[in-house]
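Here's the structure, in structure tokens; my notes come after.
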Amino acid sequence: MNQMAEMEIPSKYNPAEVEDKWYRYWLDQGFFHSEPNHREPYTIVIPPPNVTGVLHMGHMLNNTIQDILVRRARMKGKNACWVPGTDHASIATEAKVVNKLRAEGIEKSALSRAEFLEHAWDWTHKHGGIILEQLKKLGASCDWERTCFTMDEPRSESVIRVFVDLYEKGYIYRGVRMVNWDPKAQTALSDEEVIYKEVQSKLYYLRYRLEDAREEYITIATTRPETILGDTAVCVNPADERFAHLIGKKVLVPLINRPVPVIADEYVDMEFGTGCLKITPAHDENDYVIGMKHNLESVDIFNDDGTLSEKAQLFVGEDRFVVRDKIVPELEKAGNLVKVEDYVNKVGFSERTDVVIEPKLSAQWFLKMEELVKPALENVMNDKVQFHPAKFKNIYRHWMGNIKDWCISRQLWWGHRIPVYYLPDGSFVVAANEAEALQKARVKTGNPALALNALRQEEDVLDTWFSSWLWPISVFDGINRPGNEEINYYYPTSDLVTAPDIIFFWVARMIIAGYEYRGNFPFRNVYFTGMVRDKQGRKMSKSLGNSPEPLELIKKYGADGVRVGMLLCSPAGSDLLFDESLPQQGSNFSTKIWNAFRLVKNWEVSSAIPQPEHSRLALNWFSNKIEEVTAALDDHFEKFRISDALMLVYTTVRDEFSGWLLEMVKPGYQQPIDVQTYEAVIALFDRLLRLLHPFMPFITEEIWQLLVARKPGESIMVSDQTAGQPFDPALLEAFENVKEMVSGIRKIRLDHNIANKEPLSLCIQPGDKGYEPAFECVVAKLGNLASIEVVEKEVNGAASFRVKSTNCYVPLGGQVDAAEELKKLETELQYTRGFLASVMKKLGNERFVQSAPEAVVAKERDKQADAEAKIRVLEERIAALK
């Protein structure tokens with residue numbers, strides 16, 4: 001696609017038209033696709049969203065950052081590869097399918113596994129991948145030809161292979177353990193899938209009568225009175241003299257009168273509650289440990305759906321929370337309720353269904369973690385894998401240092417079915433497929449005639465995270481074909497962008513898998529985004545009505561506007577307080593760039609006129625400025641300060657380029673611009689667009705294509721971001737003085753209501769700093785000055801201002817109010833003294849002076865000297881006026 005620079009430029013930028021046009025062009029040209037070659041790879045794998053999910057604000061932030069990193073790497077000459085894909089999301093997807101079937105009058109229990117999976121695949125094919133199409137609207141430059149799904153054939157084969165391998169290495173085992181049970185999803189959850197919330201509860205004090213004594217009781221306190229029906233002991237501390245005489249005796253469980261022993265264990269805290277603890281081994285993790293230690297009976301009173309079972313004896317078939325309300329009056333009637341107190345405690349909720357989890361004894365499959373975590377912990381703590389911000393290292397270390405075995409089985413049908421095959425005698429074999437299972441079973445039984453129908457495959461599926469922990473390896477088929485060209489070229493990947501809430505679910509486990517299956521980390525850097533919240537700091541949710549529709553925002557403000565808005569206030573790891581004024585600001589910035597472009601392209605260019613000196617100086621200044629900005633940008637990206645990087649480019653375009661450079665070089669009204677200046681401005685504009693492109697891909701492509709004539713197949717996204725060159729800091733500092741002088745003149749015009757077209761004169765009384773004689777022509781152009789004169793003394797009857805220690809006077813023919821001028825000078829003096837005090841406080845801090853870089857301390861000392869010189873000048877001016 002080639003657009004002639006001479007075509008008429010629309011007065012307004014139209015994001016909708018431009019975005020669809022250029023995204024199609026990029027796809028058609030294959031710019032997003034990567035193949036291994038001689039160049040340095042830059043690889044990112046997308047955190048795979050739920051296959052049936054839709055775009056939300058968190059996705060917008062996360063994928064904007066990923067796209068910025070990928071586009072910048074591409075322009076830096078790297079072979080950039082961003083792998084997209086989706087996650088099968090066992091619990092969430094199965095719940096959606098179950099609800100959909102229920103709405104059609106079909107219960108899951110009425111279907112066979114194969115029938116249910118047919119419905120699940122239909123649902124996935126119908127709703128799957130919508131989110132990836134939505135990401136295209138954002139401008140995501142993913143290699144769509146590489147799109148993966150955690151349940152596609154290569155990924156599924158990888159998961160099964162890994163399960164078999166870890167089992168054979170002795171890491172996977174089956175055992176009856178206390179697990180986190182989700183009664184709504186009716187499946188076990190790993191510890192990481194439980195969210196603890198502080199809730200307002202009640203503490204019920206209940207008394208248990210001794211079996212052989214009519215009037216002697218022992219009192220316990222519990223937040224869950226319904227679980228007394230599963231009690232099999234009461235426990236006291238052996239050192240607690242209050243209850244020493246009761247140890248070995250029996251008490252009766254209220255309402256059902258089951259005799260249970262009073263046992264002693266140091267686990268009981270004598271100071272907490274009554275000092276007596278009811279023990280329910282089937283429904284509390286700590287009670288389970290005590291029950292195992294003391295060989296107690298375990299009575300499971302709950303069905304899988306959270307209703308009470310036959311073993312409860314009372315309230316059978318009723319929901320656990322209904323029973324809680326019903327059992328309290330019964331206990332009171334029976335004389336067992338002593339008192340009820342308000343109590344705040346932390347309760348575990350399912351991360352997926354948001355129901356209260358139930359500790360439950362269950363036969364599950366587990367992965368031993370103690371050995372596997374060691375290299376993953378070591379190589380984050382020694383910064384081989386770097387976290388940005390680094391504060392997340394402490395959270396990671398704490399979790400990895402206290403890790404429990406991972407419960408990897410789920411009581412669902414949608415997912416990777418566990419490759420375990422049971423024999424008729426209850427023993428089992430672990431195999432990648434049925435043929436291999438049959439072969440192993442024949443060897444195990446010594447029966448070569450054993451038939452496949454004698455084997456029964458495990459009904460459970462694997463935790464969704466058991467597939468996504470392999471993602472950086474499996475997307476390049478590195479499990480099935482560990483020596484293939486792609487895994488050797490693209491792995492380890494470069495950067496991971498993700499949210500801190502899945503640091504354990506996903507990030508830690510990927511690092512574990514990386515070391516186990518590649519002997520190396522899966523990524524060099526992890527950038528943690530913050531959570532997107534509303535301006536009141538609340539988490540965004542549909543129920544609160546505070547979560548805007550991302551595609552509607554794009555329609556309203558343009559993708560570039562939304563991208564800029566998301567990043568204007570989102571430092572790594574800190575929450576983003578989102579407000580629609582942010583994408584509005586981004587959209588306004590697009591308009592600013594477009595207007596600057598139109599201004600430049602509408603100039604009449606002449607080769608017959610020489611370049612003015614002020615234009616030459618201005619261009620030399622901005623050429624140095626852009627080198628300084630390029631160096632600072634490199635530093636920001638190296639440290640993953642993405643928001644700071646955007647703000648730097650934003651202010652450079654808005655202030656330095658549009659506000660200063662274009663004002664300095666633009667020709668007079670209806671006058672042409674010299675060709676030398678024009679071509680230099682176009683070249684600098686091109687350079688700026690390249691710096692801006694990763695942040696705002698669409699508008700930069702549109703302007704870049706219109707800036708000069710382009711050939712078919714050219715694009716800014718595959719153009720080079722020029723490497724930074726040396727720049728002159730002294731020149732840049734001198735120009736800051738020029739800008740300050742021009743601003744002083746403009747303020748005088750404003751204060752005295754003097755039109756810009758009316759020429760003024762400027763008298764300069766030079767000090768040690770602030771006067772830049774080489775740039776007088778620039779000051780004259782921007783200030784519309786008829787003359788500039790250097791003077792030795794104060795100029796009476798003139799408005800004044802200061803630049804560093806230089807006094808500047810604008811004669812106004814007696815229009816200056818001496819009292820007003822004095823007031824202005826005193827205000828300025830007060831401000832400068834305050835500024836000096838803040839500098840001196842910093843320099844008086846011994847720790848700062850000793851630990852800060854030498855250049856930073858030197859800069860503070862320069863500020864001190866400048867402020868002191870300015871104070872002297874102001875004091876002299878004030879004394880003269882008085």
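The values are calculated or read from the model by the stated rules, or taken from the named source; none is laboratory data. Nothing here was measured: the structure is a model prediction, and the numbers come from that model. Cβ: placed from backbone, ideal geometry, glycine included. Neighbour counts: every protein chain shown. Side chains are part of the model used for accessible areas, which takes the heavy atoms of the whole protein and leaves out ligands, DNA and RNA. Shrake-Rupley method; radii C 1.70, N 1.55, O 1.52, S 1.80 Å.
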remark   = Pairing a residue in region 734-747 that is closer than 9 Å to residue 803 by Cβ with any residue that is small (Gly, Ala, Ser) and part of a helix (DSSP H, G or I), where Cβ atoms lie under 9 Å and the two sit 6 or more apart in sequence or on different chains, gives 741/783; 744/783
inquiry  = Looking at region 460-482, I want the residues that are touching a residue at least 24 places away in the same chain (Cβ under 8 Å) and have a partner that is aliphatic (A, V, I, L, M) and open to solvent by 10 Å² or more (accessible area, probe 1.4 Å) with Cβ atoms under 6 Å, at least 6 apart or on another chain. Which pairs are those?
reply    = 473/479
remark   = Of those in region 340-386 that are assigned to a loop (DSSP other than H, G, I, E, B) and closer than 30 Å to residue 95 by Cα, the residue least open to solvent (accessible area, probe 1.4 Å) is 369
task = Among what's in region 299-310 and is touching a strand residue (DSSP E or B) at 6+ places or on another chain (Cβ under 9 Å) and of a type outside the set (Asp, Glu), pick the residue that is surrounded by the fewest Cβ atoms within 10 Å (Cβ to Cβ).
result = 309
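Does residue 33 satisfy being touching a helix residue (DSSP H, G or I) at 6+ places or on another chain (Cβ under 9 Å), open to solvent by 50 Å² or more (accessible area, probe 1.4 Å) and touching a residue at least 12 places away in the same chain (Cβ under 8 Å)?
It is true that residue 33 is touching a helix residue (DSSP H, G or I) at 6+ places or on another chain (Cβ under 9 Å), open to solvent by 50 Å² or more (accessible area, probe 1.4 Å) and touching a residue at least 12 places away in the same chain (Cβ under 8 Å).
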ask   = Any chance region 33-53 includes a residue that's closer than 20 Å to residue 550 by Cα and in a helix (DSSP H, G or I)?
value = no
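So, in region 634-649, how many residues would count as being surrounded by fewer than 21 Cβ atoms within 10 Å (Cβ to Cβ) and not in a helix (DSSP H, G or I)?
The number of residues fulfilling the criteria is 2.
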ask   = Within the group 879, 867, which residue is loosely packed, with under 12 Cβ neighbours inside 10 Å, over 39 Å from the mean Cα position of the chain (by Cα) and either more than 28 Å from residue 824 (Cβ to Cβ) or not basic (Lys, Arg) (or both)?
value = 879
inquiry  = Just to verify a result, which residue in region 593-619, among those that are of a type in the set (A, V, I, L, M) and open to solvent by 20 Å² or more (accessible area, probe 1.4 Å), is nearest to residue 686 (Cα to Cα)?
reply    = 599
query = If you scan region 795-835, which residues turn out to be touching a Ser or Thr at 6+ places or on another chain (Cβ under 8 Å), outside any helix (DSSP H, G or I) and under 21 Å from residue 870 (Cβ atoms)?
reply = 807, 808, 809, 810
Which listed residue is in contact with a Gly (Cβ under 9 Å, 6 or more places away or on another chain), among the acidic types (Asp, Glu) and modelled with pLDDT under 95, from 133, 94, 107 = 94
ask   = If we keep just the residues of region 500-515 that are of a type outside the set (A, V, I, L, M, F, W, C) and in contact with a helix residue (DSSP H, G or I) (Cβ under 8 Å, 6 or more places away or on another chain), which is nearest to residue 467 (Cα to Cα)?
value = 509
ask   = Are any residues in region 445-478 at positive phi and not in a loop (DSSP other than H, G, I, E, B), and if so, which ones?
value = none
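Could you tell me how many of the residues in region 23-55 are of a type outside the set (S, T, N, Q) and either under 21 Å from residue 521 (Cβ atoms) or under 13 Å from the mean Cα position of the chain (by Cα) (or both)? Talk me through it step by step, then tell me what you get.
Of the residues in region 23-55, the ones of a type outside the set (S, T, N, Q) are 23-28, 30-33, 35-36, 38-42, 44-49, 51, 53-55.
Narrowing the set further to residues that are either under 21 Å from residue 521 (Cβ atoms) or under 13 Å from the mean Cα position of the chain (by Cα) (or both) leaves 36, 40-42, 44-48.
Of the residues in region 23-55, 9 are of a type outside the set (S, T, N, Q) and either under 21 Å from residue 521 (Cβ atoms) or under 13 Å from the mean Cα position of the chain (by Cα) (or both).
So, in region 720-749, of the ones that are farther than 23 Å from residue 777 by Cβ and open to solvent by 70 Å² or more (accessible area, probe 1.4 Å), which residue ends up nearest to the chain's Cα centre (by Cα)?
Among residues in region 720-749 that are farther than 23 Å from residue 777 by Cβ and open to solvent by 70 Å² or more (accessible area, probe 1.4 Å), the one nearest to the chain's Cα centre (by Cα) is 720.
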query = From the residues in region 269-298 that are open to solvent by less than 10 Å² (accessible area, probe 1.4 Å) and assigned to a loop (DSSP other than H, G, I, E, B), which one is farthest from residue 359 (Cα to Cα)?
reply = 275
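Is one or more of the residues making up region 267-279 within 29 Å of residue 185 (Cβ to Cβ) and in contact (Cβ under 8 Å) with a residue 40 or more places away in the chain?
Within region 267-279, one or more residues are within 29 Å of residue 185 (Cβ to Cβ) and in contact (Cβ under 8 Å) with a residue 40 or more places away in the chain.
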key: Within region 148-169, tally of residues that are touching a residue at least 24 places away in the same chain (Cβ under 8 Å), open to solvent by 60 Å² or more (accessible area, probe 1.4 Å) and not aromatic (Phe, Trp, Tyr)   = 3
key: Single residue of 807, 784, 753 found to be open to solvent by 60 Å² or more (accessible area, probe 1.4 Å) and not hydrophobic (A, V, I, L, M, F, W, C)   = 753
query = Residue check: is residue 779 buried (at least 18 other Cβ atoms within 10 Å of the Cβ), more than 40 Å from the chain's Cα centre (by Cα) and either among the aromatic types (Phe, Trp, Tyr) or outside any strand (DSSP E or B) (or both)?
reply = yes
